[in-house]
Structure formats: C-alpha cells, structure tokens
Amino acid sequence: MRIGKYLAAGIAFCIVVPLLSACGRQQVDVPEKIQVGVAAYNQSDTFIGELVSCLKQQLEGVGESGYEVTMMVRDAAGSQRTQDDQVKELIDLGCNVLCVNLVDRADPSEIIDLARSSNVPIIFFNREPVAEDMMQWDRLYYVGADARQSGEMQGELVVDAIQADEAMDRNRDGKIQYVVLEGELGHQDAVIRTESAVEALKGHGVELEKLGFGTANWDRAQAQNRMQQLISQYPNQIELVIANNDAMALGAIDAYGKLNYTESALPVFFGIDGTGAGLEAVIDGQLSGTVYNDKEGQAAAMAGLAVAAVTGTGMDKIEFENEKYIFLPYHKVTQGNVRDFLYWGK
Ligand code: GAL
Ligand code: CA
C-alpha cells in the first residue's frame, strides 16, 4: 500500500532520530509494543468492516517498521453497554492505545473515564463525539471526515447527472421527484449529508419535490424494506433516490429488482462511501455515482496517531485541526473515474 509505505518510512525515521539524539542523555521510557484495542460499534456495517481491515493493514505496515504491534478488535453489535465492557477488557488485556468507534456518540463518558484512569489515549473514529466530550481529556483524538463535504459532493454529482440527461425528469414536469434513505438518527453523517446534498441541488437551481424518506440505519436490508414501502406509496413517481451511504442505495436498487422493474422505468440512485459493492455498482451503471469515504486515508491517520500517542514521538508532525481532529477529504466517484478507487491507497 502506498500510504502504508510512506507511513512505515515516516515511522522508521521517527524511531531512529529520537534514539540517536537521546545518546548520552537520560534514557526516555519509550514502550516498544504498540497494543491497539479497536472497539467497533457494529462490524456488520459494511463500511466499518472495510475500515477496520484497512487499519489492520496499516498497523501491519507499522509492524514492519520495527515496532511490535498487536491489534485486538471487539464488536459491540450496537450496544453501548457492551462497548463499555469491551473497552475495559481491552485495557485489562494491556492495550496502550484505543481506537473507538462509539455506539452512542453522545455517551463516551464511561469510556473516557476508564481510559483516563489507566492513562490510555483514545482515537475516536467515524462517529464523532460532541465537542464538550472531546475536551474532557487532552489524550482524546478524532479521525473522520467532514459530513457536509460528502453531502455537497453528492448533490453536485446529481446536478451533473441531471444536466447530462434531461430524461431524469421522467414525467417532464420540470421538477425532480425524490426520496431520501437516511442513516441512523443522531449520526453526524445522516442529517448533515441529507441537508447539504439538497442544498447543493437547490443552489444549482434544480427544482425538487421531496416525496418521502425512510430511515434505514446504514443497512442494505432495512433500506430495501423502506424503499419497497416508498415505491408502493409513490408508484412510478420516484425519479431520484439519494442515500446517505452505498449500502442503502444498493438496498433501494434491490427493492426495484424484487419488483422486476425494467431498467427504463428505474429512478437514478446515488450513494456515499465507495465500498467494494458500491464501486462495483458504479462500474455496472446501477449506481449513478458515489462519494469516496477515504477509509485508507483514515486508517493511515489512525495508525500514525496511534504510534505517536504511544511513543510520544512524531506528534508534532501530525497536522491536526483544533489540536485533536484529523479530517480526510471525500472524493466524487462516477463511471469515468471509478477504477481509480479500486486501488486507492495501494
Ligand atoms: C458513515 C458511513 C456509513 C456507516 C457509518 C457508521 O461514515 O458512510 O456507511 O458506516 O459511518 O458510523
Ligand atoms: Ca419530474
């Protein structure tokens, strides 16, 4: 992996330089083992599953650069209480840095208390704690992406598609009839993505008519269900499906497949993430576009930060926003550039 190599080289540099410059001075206590405990909110979530595998690869790269690295993963399967227990277990097992994908992003206090009492830094990822909680301790970090940017890009992709094909307005009434499939209530990536996608469309002068929406918790099967309901409520009226992620866009496509819709009668679908299945669907033309959620970049940032947080070296080279945050940019994906993302970061 390209990022992996850069990271490994950077880390090797950070290990060697402080060791050399420490010669003759007082010995600094640098732990050699980096024991990373990963707590995932739900590993059956497609994007999270892929992100955790990327993190594993990145940490293997760190291992090759001279540190002894272990990674232990726990899956909370959607329960904050389970996750609190798992974090305690990970600390008891000797993890010296934690990567936490909160179940309830408004409820990190128990985890922060546990980590602080053992002085184990936490890198929260993907599910952003509220700002006040991030201020609870100075060894708390966040790695993620800017929800607004992904929504804006999705909206712009839709604008481009409408401009390229006026038949998208199937009933030729000058408006695009649309439905939205939303992620979990209260997740920073759900409400903000929807709002900013719609704002981008309106900002480009697209006339819209919202027919309805369904909450499908990032999940393909739930989205299929919600979409079946929407189709029966608005038969042959839906021209556009905006989904907060690829899994739900694919669920919407599944719903039409079940009803044996012919291709010419289908609306257009847009997702976010660029998961393996999402990219395949863009290649096939089933998904008109998606927005790449840079899991390789996020994993590399987490791995680099984990090393710096444990060893105390290299922290000054990391570019934070507001001292604790790292946000990786999103990228627009269409049939024209989708293949670039199949090997992204490799
Ligand atoms: C989002 C991602 C979704 C889902 C969610 C989980 O960033 O787009 O697919 O994985 O995170 O928190
Ligand atoms: Ca229309």
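The values are calculated or read from the model by the stated rules, or taken from the named source; none is laboratory data. These numbers come from a predicted model, not from an experiment. So basically every Cβ, Gly included, is an ideal-geometry build from the backbone, and we count neighbours across all protein chains shown. Areas reflect the complete protein model, heavy atoms only, side chains present, ligands, DNA and RNA absent. Shrake-Rupley method; radii C 1.70, N 1.55, O 1.52, S 1.80 Å.
Sort out which residues of the stretch 246-301 are over 22 Å from the mean Cα position of the chain (by Cα) and at positive phi, and write them in order of number.
Asn260, Gly285
Got at least one residue in the stretch 4-12 being open to solvent by less than 60 Å² (accessible area, probe 1.4 Å), on the phi > 0 side of the Ramachandran plot and at pLDDT 50 or above?
Residues of the stretch 4-12 that are open to solvent by less than 60 Å² (accessible area, probe 1.4 Å), as a first pass: 4, 7-8, 10-12.
Restricting the remaining residues to those that are on the phi > 0 side of the Ramachandran plot gives none.
Among the residues of the stretch 4-12, not one is open to solvent by less than 60 Å² (accessible area, probe 1.4 Å), on the phi > 0 side of the Ramachandran plot and at pLDDT 50 or above, which makes the answer no.
Hey, among the residues in the stretch 39-90 that are among the β-branched types (Val, Ile, Thr), touching a helix residue (DSSP H, G or I) at 6+ places or on another chain (Cβ under 6 Å) and in contact (Cβ under 8 Å) with a residue 40 or more places away in the chain, which one's farthest from ligand 2 (Cβ to nearest atom)?
So the residue we want is Val62.
Collect the residues in the stretch 239-276 that are among the β-branched types (Val, Ile, Thr), in a loop (DSSP other than H, G, I, E, B) and open to solvent by less than 10 Å² (accessible area, probe 1.4 Å), keeping them in residue-number order.
Step one: list which residues in the stretch 239-276 are among the β-branched types (Val, Ile, Thr), which gives 241-242, 253, 262, 268, 272, 275.
Now narrow it down to the ones that are in a loop (DSSP other than H, G, I, E, B): 262, 272, 275.
Across the stretch 239-276, the qualifying residues are Ile272, Thr275.
Might you let me know whether the stretch 157-174 holds any residue that is surrounded by 20 or more Cβ atoms within 10 Å (Cβ to Cβ) and within 16 Å of ligand 1 (Cβ to nearest atom)?
Yes, the stretch 157-174 contains a residue that is surrounded by 20 or more Cβ atoms within 10 Å (Cβ to Cβ) and within 16 Å of ligand 1 (Cβ to nearest atom).
When the stretch 123-146 is examined, which residues are found to be aliphatic (A, V, I, L, M), in contact with a Phe, Trp or Tyr (Cβ under 7 Å, 6 or more places away or on another chain) and either closer than 23 Å to Glu296 by Cβ or open to solvent by 10 Å² or more (accessible area, probe 1.4 Å) (or both)?
Within the stretch 123-146, Ile123, Val143, Ala145 meet the criteria.
Quick one: is Asp113 more than 16 Å from ligand 2 (Cβ to nearest atom) and in contact (Cβ under 8 Å) with a residue 12 or more places away in the chain?
Working: more than 16 Å from ligand 2 (Cβ to nearest atom): yes; in contact (Cβ under 8 Å) with a residue 12 or more places away in the chain: no.
It is false that Asp113 is more than 16 Å from ligand 2 (Cβ to nearest atom) and in contact (Cβ under 8 Å) with a residue 12 or more places away in the chain.
Can you name the residue in the stretch 64-92 that is open to solvent by less than 30 Å² (accessible area, probe 1.4 Å) and part of a helix (DSSP H, G or I) and is also farthest from ligand 1 (Cβ to nearest atom) among such residues?
Filtering the stretch 64-92 down to residues open to solvent by less than 30 Å² (accessible area, probe 1.4 Å) leaves 65, 67, 76, 80, 83-84, 86-87, 90-91.
Next, from what is left, pick out any that are part of a helix (DSSP H, G or I): 80, 83-84, 86-87, 90-91.
Details: Gln80: 13, Gln83: 13, Asp84: 18, Gln86: 17, Val87: 17, Leu90: 19, Ile91: 23 Å.
Here the answer is Ile91.
State whether the residues of the stretch 171-185 include one that is within 16 Å of ligand 2 (Cβ to nearest atom), aromatic (Phe, Trp, Tyr) and touching a residue at least 40 places away in the same chain (Cβ under 8 Å).
Within the stretch 171-185, one or more residues are within 16 Å of ligand 2 (Cβ to nearest atom), aromatic (Phe, Trp, Tyr) and touching a residue at least 40 places away in the same chain (Cβ under 8 Å).
Open to solvent by 10 Å² or more (accessible area, probe 1.4 Å) and within 11 Å of ligand 1 (Cβ to nearest atom): which single residue out of Gln188, Gln149 fits that description? Walk me through it before giving the result.
Details: Gln149 fails: within 11 Å of ligand 1 (Cβ to nearest atom).
Checking each option against the conditions leaves just Gln188.
Can you report the number of residues in the stretch 133-166 which are at pLDDT 95 or above and part of a helix (DSSP H, G or I)?
Residues that pass the stated criteria total 20.
What's the total number of residues in the stretch 133-159 that are within 22 Å of Ile253 (Cα to Cα) and either free of Cβ contacts under 8 Å to residues at least 40 places away in the same chain or within 16 Å of ligand 2 (Cβ to nearest atom) (or both)?
Residues of the stretch 133-159 that are within 22 Å of Ile253 (Cα to Cα), as a first pass: 150-151, 153-159.
Within this subset, residues satisfying the condition of being either free of Cβ contacts under 8 Å to residues at least 40 places away in the same chain or within 16 Å of ligand 2 (Cβ to nearest atom) (or both) are 158-159.
Total meeting the criteria: 2.
Filter the stretch 206-229 down to the residues that are of a type outside the set (A, V, I, L, M, F, W, C) and outside any loop (DSSP other than H, G, I, E, B) and list them by number. Write out each step before concluding.
First pass over the stretch 206-229, keeping only residues of a type outside the set (A, V, I, L, M, F, W, C): 207, 209-210, 212, 214-215, 217, 219-220, 222, 224-226, 228-229.
The answer is Glu209, Lys210, Gly212, Gly214, Thr215, Arg220, Gln222, Gln224, Asn225, Arg226, Gln228, Gln229.
Check off (1) more than 14 Å from ligand 1 (Cβ to nearest atom); (2) outside any strand (DSSP E or B); (3) open to solvent by 40 Å² or more (accessible area, probe 1.4 Å); (4) in contact (Cβ under 8 Å) with a residue 24 or more places away in the chain for Leu201 and give me the number that stays unchecked.
Of the numbered conditions (1) more than 14 Å from ligand 1 (Cβ to nearest atom); (2) outside any strand (DSSP E or B); (3) open to solvent by 40 Å² or more (accessible area, probe 1.4 Å); (4) in contact (Cβ under 8 Å) with a residue 24 or more places away in the chain, the odd one out for Leu201 is (3).
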